[in-house]
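Down below is the structure, laid out as structure tokens.
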Amino acid sequence: MSAKVYRIPVRTAGDRTAPAFLDGTRAGTDAHARALATAARIVGDQLEGARGPLPAVTPAMLERLLDLDVAPGEGEGLAATLELVGDRIVRNSVAVAHPMCSAHLHCPPLVSSLAAEAVIAATNQSLDSWDQAPAATHLERRMIGWLGELYGLGERADGVFTSGGTQSNLMGLLLARDHAAARLGCSISRDGVTDAVRRLRIVASSTAHFSVVKSARILGLGDRAVVGIAPGEDGRLDPARVEEVMRGLAAESLIPMAIVATAGTTDLGAIDPLEPLAAIARRHGAWLHVDAAVGGALALSAREGARLDGIAAADSITVDFHKLWFQSISCGAFLVRDAASLQPALFHADYLNPETDEGDEGLPNLVDKSLQTTRRFDALKLFVSLRAHGRDFLGRAVEATIDLAAEAARLIDADPELELARPASLNTVLFRHVPRSPVSDAELDRINEEVRLALLHTGAAVIGRTRLDGRVHLKVTLMNPTTGHDDLRELLARITAAGAAVARSAA
């Protein structure tokens, strides 16, 4: 007796004429094209009609609006579902390309990147084993090779695409930990974190990205392993102070396993002095990891590239393409100067990347050097954008954001109701709204907190807030190279108007 064959219907109840899968048939291809066209129209309709970066919404309003049955037994069809997505989700999403949206390192994506996203999703390649992504594997390797050349890492360089800076920083400190442990005669993979390994320390600026501390926790080293050094007034590490700390650690029988240098801090955009820090790291046998998630894009610019001098001496580098390379989220890379240092990421699974796949004639399985197994073909986005627009175009776009920040700082400094905190370094500017009548520091903090929230909840602007020298500051992050000077003036006018309204309400 033959077994009964069960098949899932290929059409959904709500779209009776449309196949549910991109299955290689003409009907599937046509359904895919119609779905993409519908999605693009819905996004376009919402973005073109947006009067601000965000509607006047609150968390409570969105909680009610999105109180939906997310998994009905019978579907209502793709067209109707996409219309609902447009009306309730896209409409209430931040318009990242709007000139009044300047809170975070959150870029407007290039159309070329979005086109590549469509190819990535439709082909659905997985960058763990060669037999799941043959062409994708080779293109990613080519892109990693080009990035190694861009940063001057040498012929032994290697790397892998990642989800972004947090994952890349974790990988950098993982390699640094295992490198230092091996010098102590310890095998982390075999013995775990021993007493000797607990003597390892990470030296970084106190303004380094918070993922440095999170990585220390994940790696079993704990918060105390991170030795934070206060930067100078310009936000940069002082090499003399770093040298002093390194010697102090050695005097306490502690081992500085890594120096983390930042090329573009989140708030001030400061770039640590890479060449002197590289020399200190070499002198003390420490790993040098450069977090260039933000500033790595300066390498694209003939005008700004020299600010990364010394990065070629790094043992590992973080770079994010979903920041100033204008790629859609997520897209980042982790680079190393010596491919052999990626060994701690290697684990052979018989079903995926057996040892028999290794060697010159074997299959290149990128899972061998990644913390992820299933992984998207994000390298395609960067390739398509560079190939379509050229490296010089992206370099000019980066320069435009830096110029916008300099202009914003000039306008803020000239406004009697605004107080500039520091000169602009990259594309961020920190400042405060200062009422005409004197107020206490605590009251000034409260006013600036409320200014940001008032702009956010009315949809007038999306700006950032942070603390500098213990005090609350507002922050604008200029990520859109098409923003004009009139847009900057309008943004600052909205901020001062909100500040005046908050001050009046407190009077």
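The values are calculated or read from the model by the stated rules, or taken from the named source; none is laboratory data. Just so it is clear, the structure is predicted and the values come from calculations on it, not from any experiment. Glycine also receives a Cβ, built like all others from the backbone with ideal geometry; neighbour counts cover every protein chain displayed. Note: areas computed on protein heavy atoms with side chains; ligands, DNA, RNA excluded. Shrake-Rupley method; radii C 1.70, N 1.55, O 1.52, S 1.80 Å.
With over 17 Å from residue 343 (Cα atoms), in contact (Cβ under 8 Å) with a residue 40 or more places away in the chain and of a type outside the set (Val, Ile, Thr) as the only criterion, which of 383, 393 stands out?
On inspection, the qualifying residue turns out to be 383.
Only one of (1) at pLDDT 95 or above; (2) touching a Leu at 6+ places or on another chain (Cβ under 7 Å); (3) not in a loop (DSSP other than H, G, I, E, B) fails for residue 377. Which number is that?
Against the list (1) at pLDDT 95 or above; (2) touching a Leu at 6+ places or on another chain (Cβ under 7 Å); (3) not in a loop (DSSP other than H, G, I, E, B), residue 377 comes up short only on (3).
Can you name the residue in region 450-461 that is touching a residue at least 12 places away in the same chain (Cβ under 8 Å) and open to solvent by 20 Å² or more (accessible area, probe 1.4 Å) and is also farthest from residue 106 (Cα to Cα) among such residues?
Per the stated criteria, the residue is 450.
Return yes when residue 91 is touching a helix residue (DSSP H, G or I) at 6+ places or on another chain (Cβ under 9 Å), open to solvent by 50 Å² or more (accessible area, probe 1.4 Å) and closer than 30 Å to residue 404 by Cβ and no when it is not.
yes
Can you tell me which residue among 64, 16 is among the basic types (Lys, Arg), modelled with pLDDT of 95 or more and either within 30 Å of residue 461 (Cβ to Cβ) or open to solvent by 60 Å² or more (accessible area, probe 1.4 Å) (or both)?
Only one candidate passes the filter, namely 64.
When the residues of region 126-162 are narrowed to those that are touching a Ser or Thr at 6+ places or on another chain (Cβ under 6 Å) and part of a helix (DSSP H, G or I), which ends up nearest to residue 376 (Cα to Cα)?
Once the filter is applied, the top-ranked residue is 132.
For the list (1) part of a loop (DSSP other than H, G, I, E, B); (2) of a type in the set (Lys, Arg); (3) free of Cβ contacts under 8 Å to residues at least 60 places away in the same chain, I need the number of the one condition that residue 307 fails.
Exception for residue 307: condition (1).
Scan region 412-431 and tell me whether some residue there is part of a helix (DSSP H, G or I) and crowded, with 16+ Cβ neighbours inside 10 Å.
Yes, that holds for at least one residue.
Going through region 67-81 one residue at a time, which ones are part of a loop (DSSP other than H, G, I, E, B) and open to solvent by 50 Å² or more (accessible area, probe 1.4 Å)?
Of everything in region 67-81, those that are part of a loop (DSSP other than H, G, I, E, B) and open to solvent by 50 Å² or more (accessible area, probe 1.4 Å) turn out to be 67, 68, 69, 70, 71, 72, 73, 74, 76.
In region 363-401, how many are among the small types (Gly, Ala, Ser), touching a helix residue (DSSP H, G or I) at 6+ places or on another chain (Cβ under 7 Å) and surrounded by fewer than 19 Cβ atoms within 10 Å (Cβ to Cβ)?
Of the residues in region 363-401, 1 are among the small types (Gly, Ala, Ser), touching a helix residue (DSSP H, G or I) at 6+ places or on another chain (Cβ under 7 Å) and surrounded by fewer than 19 Cβ atoms within 10 Å (Cβ to Cβ).
Of all residues in region 183-219, which are part of a helix (DSSP H, G or I), open to solvent by less than 70 Å² (accessible area, probe 1.4 Å) and within 16 Å of residue 257 (Cβ to Cβ)?
Result: 188, 197, 212, 213, 215, 216.
If you take the residues in region 433-466 that are in a helix (DSSP H, G or I) and of a type in the set (A, V, I, L, M), which one is farthest from residue 55 (Cα to Cα)?
Applying the filter and picking the extreme gives 442.
Can you name every residue in region 272-285 that is open to solvent by 10 Å² or more (accessible area, probe 1.4 Å) and aliphatic (A, V, I, L, M)?
Residue satisfying the conditions is 279 alone.
Within region 323-356, which residues are in a loop (DSSP other than H, G, I, E, B), within 25 Å of the chain's Cα centre (by Cα) and of a type in the set (A, V, I, L, M)?
Residues satisfying the conditions are 324, 329, 346.
Report, by residue number, each residue of region 361-374 that is within 16 Å of residue 167 (Cβ to Cβ) and part of a helix (DSSP H, G or I).
Matches in region 361-374: 366, 367, 369.
Quick check on region 474-483: of everything there that is touching a helix residue (DSSP H, G or I) at 6+ places or on another chain (Cβ under 7 Å) and buried (at least 22 other Cβ atoms within 10 Å of the Cβ), which residue is farthest from residue 109 (Cα to Cα)?
Only one residue tops the list, namely 474.
Conditions first: (1) more than 30 Å from residue 95 (Cα to Cα); (2) surrounded by 10 or more Cβ atoms within 10 Å (Cβ to Cβ); (3) at pLDDT 90 or above; (4) not polar (S, T, N, Q). Residue 26 passes all but one, so which condition is the exception?
Evaluating residue 26 over (1) more than 30 Å from residue 95 (Cα to Cα); (2) surrounded by 10 or more Cβ atoms within 10 Å (Cβ to Cβ); (3) at pLDDT 90 or above; (4) not polar (S, T, N, Q) leaves (2) as the failure.
So which residues in region 122-176 are hydroxyl-bearing (Ser, Thr, Tyr) and either open to solvent by less than 40 Å² (accessible area, probe 1.4 Å) or under 20 Å from residue 348 (Cα atoms) (or both), if there are any at all?
Within region 122-176, 126, 129, 137, 151, 162, 168 meet the criteria.
If you go through region 298-320 one residue at a time, do you hit one that is closer than 20 Å to residue 240 by Cβ, open to solvent by less than 10 Å² (accessible area, probe 1.4 Å) and not hydroxyl-bearing (Ser, Thr, Tyr)?
Checked against the condition, which is being closer than 20 Å to residue 240 by Cβ, open to solvent by less than 10 Å² (accessible area, probe 1.4 Å) and not hydroxyl-bearing (Ser, Thr, Tyr), region 298-320 yields no hits at all.
Starting from region 138-155, take each residue that is charged (D, E, K, R) and list its partners that are part of a helix (DSSP H, G or I) and surrounded by 13 or more Cβ atoms within 10 Å (Cβ to Cβ), counting only C-beta distances under 7 angstrom and pairs at least six apart or across chains.
Here the result reads 140/366; 140/379, each pair linking region 138-155 to a residue that is part of a helix (DSSP H, G or I) and surrounded by 13 or more Cβ atoms within 10 Å (Cβ to Cβ).
So residue 262 fits all but one of (1) open to solvent by 30 Å² or more (accessible area, probe 1.4 Å); (2) assigned to a strand (DSSP E or B); (3) of a type outside the set (Asp, Glu); what number is the exception?
(1)
Out of 84, 47, I need the residue that is over 27 Å from the mean Cα position of the chain (by Cα) and not in a loop (DSSP other than H, G, I, E, B). Which one?
The match here is 84.
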